[in-house]
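The values are calculated or read from the model by the stated rules, or taken from the named source; none is laboratory data. From a predicted model like this one, the values you see are computed outputs, not experimental measurements. Positions of Cβ are generated from backbone atoms using ideal geometry, with glycine treated the same way; all protein chains shown enter the neighbour counts. These accessible areas exclude ligands, DNA and RNA; they are computed on the full protein's heavy atoms, side chains included. Shrake-Rupley method; radii C 1.70, N 1.55, O 1.52, S 1.80 Å.
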Amino acid sequence: MPDIELSNWTGDGPFVNNQTPGTVARFYNQDGSVRWTSTAYESGTATWDPIWFLRPC
């Protein structure tokens, strides 16, 4: 299961994945399935609902 549980993250908002180049952050649905991924370096706007958990890498 993912490492970080999120609460009250809704709507659209910016993100910056500024980890070591090539590492992958994963964002999960409530059931633990992967909703989307981000490979560093990447930035943009994400739709945060229904993201329930994340694993930085």
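Selection of first residues in the stretch 1-18 that are part of a loop (DSSP other than H, G, I, E, B) and of second residues that are modelled with pLDDT of 85 or more and open to solvent by 100 Å² or more (accessible area, probe 1.4 Å), restricted to Cβ pairs under 9 Å at least 6 apart or on distinct chains, gives the following pairs, ordered by first then second residue: Asn18/Tyr41.
Hey, any hits in the stretch 31-41 for a residue that's more than 10 Å from the chain's Cα centre (by Cα) and in a strand (DSSP E or B)? Looking for residues that are more than 10 Å from the chain's Cα centre (by Cα) and in a strand (DSSP E or B), one finds at least one in the stretch 31-41, hence yes. In the stretch 20-37, the residues that are under 12 Å from Pro50 (Cβ atoms) form Cβ pairs under 8 Å with partners that are outside any loop (DSSP other than H, G, I, E, B) and hydroxyl-bearing (Ser, Thr, Tyr), at six or more places apart or across chains, as follows: Phe27/Thr37; Phe27/Ser38; Arg35/Tyr28.
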